[in-house]
Amino acid sequence: MARTSSWTSTAVVVTGAACALAGAALAAYLLSARRPKKRTKIIEMMDELQKESVHIKDPEHVEKILCQLIEDGKGKLQIISDFDMTLSRFSINGKRCATCHNVLENSSLVPESKKQTLDELRDTYYPIEINAKMTIEEKIPFMMEWWTKAQSTIVACNFRREDLTRAVRESNAMLREGCDWQFHALHEHNVPMLIFSAGIGDVLEEIIKQHSQMYANMRVVSNYMDFNHDGMLVGFKGDLVHTYNKNEGALRNSDYFTTLKERRNIILMGDSMGDLRMADGVPDMQHVLKIGFLNDNIEDRLEKYMDAYDIVLVSDSTMDVPNAILKKIL
């Protein structure tokens, strides 16, 4: 009987040890399953790219571009950006922020009759601008009509040069969070920044001056006002720049891109399909990272934006993603 009892005790000990080992193995497995996988790619290591607002159709393509931009460094980089609803905010607390045109349209200096005209133009043409079912070619004549009629109405308001400061100060136009850091960093590292805008250049610059600073490395291509010797607005200078002609045509009399021929890497930022053409005049482009801000009509346009832009930021009021990328390069 004593011998049987010894065998039983041994069996219990062995069984207990086996269970303990099995339990330890299970615990180790569960722990490893819960432990976050090691992130080895740049696109995975950037927390800003993990946000729900970030949409990337081809992560491998974006990873490849990011690696090249970082490897080549700031000496080969230039920035090309839209302004309205790209550098400037689309909305705050659910209320639309003013674009360059809105700054003047909503100004207390504009008679009510002119405001009504400008509101009617916006209500007529803005839905066409964001219509996902129309081609760019179909939209262009409507954009030409809108901008031409709006500019004529603005000229009829008898604005003076000094009125712009007041109009911007009265408006709720503002830059995206992070623009001030971005402008300063690009200037500090001598990275050129081209702002391509279908808005009003004088108003655009005033918005930047009131909320940040215009730096020497920044160049603006836009619709600039023409004031007479008395400071009265009498028209607009040069060719019309609208949403869908932001290409080499708007810089055809400029040597801007040729002076930057060594800067063949580009970060392009826009909020419309027309903005994708802003870098068309860059000779011998090598690597272009296209970042699109999708602000409204999201459900209808998201798929098309993901096809066109490398990174799409949905309802994002910050510059977190572009700035995180810049910090890797600068």
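The values are calculated or read from the model by the stated rules, or taken from the named source; none is laboratory data. What you see is a predicted model, and the numbers here were worked out from it, not measured in a lab. Positions of Cβ are backbone-derived with ideal geometry, glycine not excepted, and every protein chain shown enters the neighbour counts. Just the protein is used for accessible areas: all its heavy atoms, side chains included, with ligands, DNA and RNA removed. Shrake-Rupley method; radii C 1.70, N 1.55, O 1.52, S 1.80 Å.
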Confirm whether Lys57 is open to solvent by 30 Å² or more (accessible area, probe 1.4 Å) and either assigned to a loop (DSSP other than H, G, I, E, B) or at pLDDT below 95 (or both).
yes
If I filter the range 82-101 down to residues being within 9 Å of Gly199 (Cβ to Cβ) and open to solvent by 10 Å² or more (accessible area, probe 1.4 Å), which single residue comes out as modelled with the lowest pLDDT?
His101
If I ask for residues that are closer than 25 Å to Phe142 by Cβ and modelled with pLDDT of 95 or more, which ones from the range 203-223 would you list?
Val203, Leu204
So if I check each of Glu44, Glu71, Glu120, which one is without any contact (Cβ under 8 Å) to a residue 12 or more places away in the chain, open to solvent by less than 70 Å² (accessible area, probe 1.4 Å) and not in a loop (DSSP other than H, G, I, E, B)?
Glu44
What are the residue pairs meeting all of these: first residue in the range 161-183, first residue on the phi > 0 side of the Ramachandran plot, second residue outside any helix (DSSP H, G or I), Cβ atoms under 7 Å, and 6 or more apart or on different chains?
Gly178/Thr318; Gly178/Met319
Taking the condition assigned to a helix (DSSP H, G or I), surrounded by 15 or more Cβ atoms within 10 Å (Cβ to Cβ) and either β-branched (Val, Ile, Thr) or in contact (Cβ under 8 Å) with a residue 24 or more places away in the chain (or both), does Phe196 pass?
no
Sole residue being part of a strand (DSSP E or B) and either crowded, with 17+ Cβ neighbours inside 10 Å or of a type in the set (Lys, Arg) (or both), chosen from Gly292, Gly274:
Gly292
Condition first: among the small types (Gly, Ala, Ser) and closer than 22 Å to Asp296 by Cβ. Can you find one or more residues in the range 181-196 that meet it?
no
Among the residues of the range 134-160, write down those that are without any contact (Cβ under 8 Å) to a residue 40 or more places away in the chain and either among the acidic types (Asp, Glu) or not in a helix (DSSP H, G or I) (or both).
Met134, Thr135, Glu137, Glu138, Glu145
Just give me the residues in the range 173-188 being touching a helix residue (DSSP H, G or I) at 6+ places or on another chain (Cβ under 9 Å) and open to solvent by 50 Å² or more (accessible area, probe 1.4 Å), in sequence order.
Glu177, Asp180, Trp181
Please give the number of the condition Ala324 fails out of (1) touching a residue at least 60 places away in the same chain (Cβ under 8 Å); (2) out of contact with any Gly (no Cβ under 7 Å at 6 or more places or on another chain); (3) more than 21 Å from His61 (Cα to Cα).
(3)
Pick from the range 277-289 the residues that are out of contact with any helix residue (DSSP H, G or I) (no Cβ under 8 Å at 6 or more places or on another chain) and within 8 Å of Arg264 (Cα to Cα): which of them is least open to solvent (accessible area, probe 1.4 Å)?
Met285
Please go through the range 209-237 and give me each residue that is free of Cβ contacts under 8 Å to residues at least 40 places away in the same chain, open to solvent by 40 Å² or more (accessible area, probe 1.4 Å) and in a strand (DSSP E or B), ordered by number.
Arg219, Asp226
Here are some residues: Lys149, Lys139, Lys114. Which one is among the basic types (Lys, Arg) and open to solvent by 80 Å² or more (accessible area, probe 1.4 Å)?
Lys149
Please tell me if Leu186 is assigned to a helix (DSSP H, G or I), under 30 Å from Ala324 (Cα atoms) and touching a strand residue (DSSP E or B) at 6+ places or on another chain (Cβ under 6 Å).
yes
